[in-house]
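Novice: Structure below; questions to follow.
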Amino acid sequence: MDILTGITVLDVTNVLAGPFAGYLLSLLGAETIKIEHPKGGDLARKLGASPDMNRRAMGTSFLAQNANKKSIGIDLKSPEGKEIFKRLVKKADVVLENFRPDVMDKLGLGYHVLKEIREDIIYCGISGFGRGGPLAKNPAYDQIIQGKSGLMDITGTPESGPLRVGAPITDTVGGLTAVMAILGALFFRSRTGKGQMIDVALLDAIIPMMGWILSNYLIAGQKPVRMGNENFTAAPSGAFEAKDGLLNISANKDEQWQELCRILGLEELITDPRFAERDTRKKNRSVLSRILNERLREKTAEEWEEILNAHGIPSGTVNSFEKAVHQPQVRHRRLLKEISDEELGGITVCGLAPKFSAVSHEPMRFPPRLGEHTDEIMRGLGYGEETIEDYRRRGVIA
């Protein structure tokens, strides 16, 4: 039995934030039914680094967060499609969508309609800016939210200007926020019998992730500045130059700083008035980094990582993306899962990050082709073969 065994999720989402949330729920054991338009389906099916997979409507962007799901193609604009969806809602626990806030209402499938069908339904809508406010109707992708949230403003160096974080972080944090909210709503329903609507905005989700930077500004009035690979909370804390590449060192405590000086043979820095206190080290971090880099260039990053960690000084190599994905720690944690398809062969995707002692979430199913489970789901809703074929011929279903 999985964490969410017996829970059915209708995943009416596209591209990333919503599909990622649906994916996590599926990894937790929910039966996740992906609702896609019969013509084309999720846009992510055509996105990714493999043109061949894009042509097959199985792009790598889609494969990344749609394993374990079932797919049914429904034209939600058609009267018959609306009826199919409403029948699904009767058997569902969660409806997850990431359209603009007014789209489902315009389709006649908004929360207030669906809760009349199933009173305890949990409805989660993910959007860029939420269901109210001056930006509510604006379209939004990760790039837009990174800029509007101030995240880009604190990323980079004074010379580079604002930079986008390399991964689509606001989409994934938005998806995680939705999952947290849905799990909370399921728990609330288990105690009260009440469903509810959840309004998740990507802008709301990412701003609290800036934590200390945010509180320094809101409480202490300190505006953040772009510091590149330096950590604003302490010094020395950042990326330093080893013999063969960069090495992250976080000597945040005074005792760690002093031990680092002893290991590097720089004991005189401990009593140097420029570096003796945490705040003075922060003010003189550029001078301090030059001194440390000169000594750190004597060994490789991996050599220093082993030495410093052995002495209680947190440190780690700055890995290439390829090396990071294939490092022994990731293999040991069994984060990456191999799944296969008779036609498309094997692929590797991320599994569930947290490990549970009482449940196991193996095996995983290959991401579905567009409408792959349409007939199965339609039969389960009570539709006969003639009706299924008629709806397919008229484009109501995939």
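Novice: Between Thr5 and Arg274, what's the calculated FRET efficiency when r is the beta-carbon distance and R0 is 51 Å? Round to 0.05.
Specialist: Working from the Cβ atoms, E equals 0.25.
Novice: Which whole-Hz ³J(HN,Hα) couplings does segment 384-396 yield from phi under the Karplus relation 6.51 cos²θ - 1.76 cosθ + 1.60, θ = phi - 60°, glycine and proline marked x?
Specialist: So the J values, rounded to whole Hz, are x, 4, 5, 5, 4, 5, 4, 5, 5, 4, 8, x, 5.
Novice: Among the lysines, which have Cα under 16 Å from the Cα of Lys299 when same-chain residues fewer than 8 positions away are ignored?
Specialist: Lys243
Novice: Separate question: Using only Cα atoms and rounding to the nearest 10 degrees, what angle (0 to 90) does helix 254-263 make with the longest principal axis of the chain?
Specialist: Approximately 60 degrees, to the nearest 10.
Novice: Continuing with the same structure: As I understand it, the dipole of the chain uses +1 on the Cβ of Lys and Arg and -1 on the Cβ of Asp and Glu, about the Cα centre. Which of Leu370, Ile121, Pro51 lies farthest toward its positive end?
Specialist: In the chain, that residue is Ile121.
Novice: A follow-up question, please. Hey, how much of the P(r) for segment 180-301 falls beyond 19 Å, as a percent of Cα pairs?
Specialist: In whole percent, the share of Cα-Cα pairs in segment 180-301 beyond 19 Å is 61.
Novice: Cα-based Rg (one decimal) and Dmax (whole number) for segment 28-144, in Å?
Specialist: 15.4, 44
Novice: Rounded to the nearest 10 degrees, what's the angle between the helix 169-192 long axis and the longest principal axis of the chain, both from Cα atoms, 0 to 90?
Specialist: With both axes taken from Cα atoms, the answer is about 60 degrees.
Novice: While we're looking at this one, here's another question. In the structure displayed, which of Lys46/Lys69; Lys223/Lys283; Lys223/Lys282; Lys90/Lys137; Lys148/Lys282 lie more than 25 Å apart, Cα to Cα?
Specialist: Cα-Cα > 25 Å for Lys90/Lys137; Lys148/Lys282; rest within.
Novice: With only alpha-carbon atoms counted, please give the Rg and Dmax of segment 327-390, in Å.
Specialist: Using the Cα atoms of segment 327-390, the pair Rg, Dmax is 17.5, 54 Å.
Novice: Show me the ranking of peptides 19-26, 171-178 by mean Cβ neighbours inside 10 Å, starting with the highest.
Specialist: Descending packing order for the listed peptides: 19-26, 171-178.
Novice: May I ask you to list the aspartates and glutamates whose Cα is less than 13 Å away from that of Lys253, ignoring any residue fewer than eight positions away on the same chain?
Specialist: Glu277, Asp279
Novice: Follow-up question, since we're still on this one. Evaluated at 10 °C with a viscosity of 1.306 mPa s, what Stokes-Einstein diffusion coefficient in µm²/s does segment 62-221 have when Rh comes from the Kirkwood expression over alpha-carbon pairs?
Specialist: 90 µm²/s
Novice: So, one more: Give me the orientation-averaged projected area of the Cα convex hull of the chain, in nm², one decimal.
Specialist: With every direction weighted equally, the projected area is 23.6 nm².
Novice: Loop only by DSSP, 16 or fewer other Cβ within 10 Å of the Cβ. Give me the trypsin sites (Lys or Arg not before Pro) in segment 174-239 that pass, ordered by residue number.
Specialist: In loop regions of segment 174-239 (DSSP not H, G, I, E or B), the sparsely surrounded trypsin sites (Lys or Arg not before Pro) are Lys194.
Novice: Under 5 Å between amide hydrogens, which residues at least 5 positions from Lys34 or on another chain qualify, with H placed 1.01 Å from N in the peptide plane?
Specialist: Asp11, Lys70, Ser71, Ile72
Novice: log10 I(q)/I(0), Debye, Cα-only segment 1-78, no solvent, q = 0.14, 0.15, 0.25, 0.26 Å⁻¹?
Specialist: After summing over all Cα pairs, the log10 values are -0.44, -0.50, -1.11, -1.16.
Novice: Starting from the Cα of Glu298, step 7 Å along the direction of its Cβ; do the same at Leu135; then give the gap between the two resulting points in nm.
Specialist: Once both label points are built, they end up 5.0 nm from each other.
Novice: What is the dipole size for the chain, taken about its Cα centre, with +1 at each Lys and Arg Cβ and -1 at each Asp and Glu Cβ, in debye to the nearest 20?
Specialist: 800 debye
Novice: Over all directions, how big on average is the projection of the convex hull of the alpha-carbon atoms in segment 246-317, in square nanometres?
Specialist: Average of the hull's projected areas for segment 246-317 equals 4.2 nm².
Novice: Additional query: Hey, rough spin-label estimate for Glu267 and Val165, points 7 angstrom out along Cα→Cβ, what's it come to in nanometres?
Specialist: 4.3 nm
Novice: Just tell me which aspartates and glutamates come within less than 19 Å, Cα to Cα, of Lys106; anything on the same chain fewer than 8 places away is out.
Specialist: Asp11, Glu36, Asp75, Glu80, Glu83, Glu97, Glu116, Asp199
Novice: Then there's this: What FRET efficiency comes out for the pair Gln329/Glu386, r = Cβ-Cβ distance, R0 = 45 Å, nearest 0.05?
Specialist: The value I calculate is 0.20.
Novice: Given the DSSP H assignment, sum -39500 (n - 2.57) over each helix run of at least 4 residues in the chain and divide by its residue total; what's the result at 222 nm in deg cm²/dmol, nearest 500?
Specialist: For the chain, the value works out to -10500 deg cm²/dmol.
Just so you know, all these numbers are worked out from the coordinates, no wet-lab data involved. The structure displayed is predicted, hence computed values, not measured ones. Cβ atoms come from the backbone with ideal geometry, glycine included; neighbour counts cover every protein chain shown.
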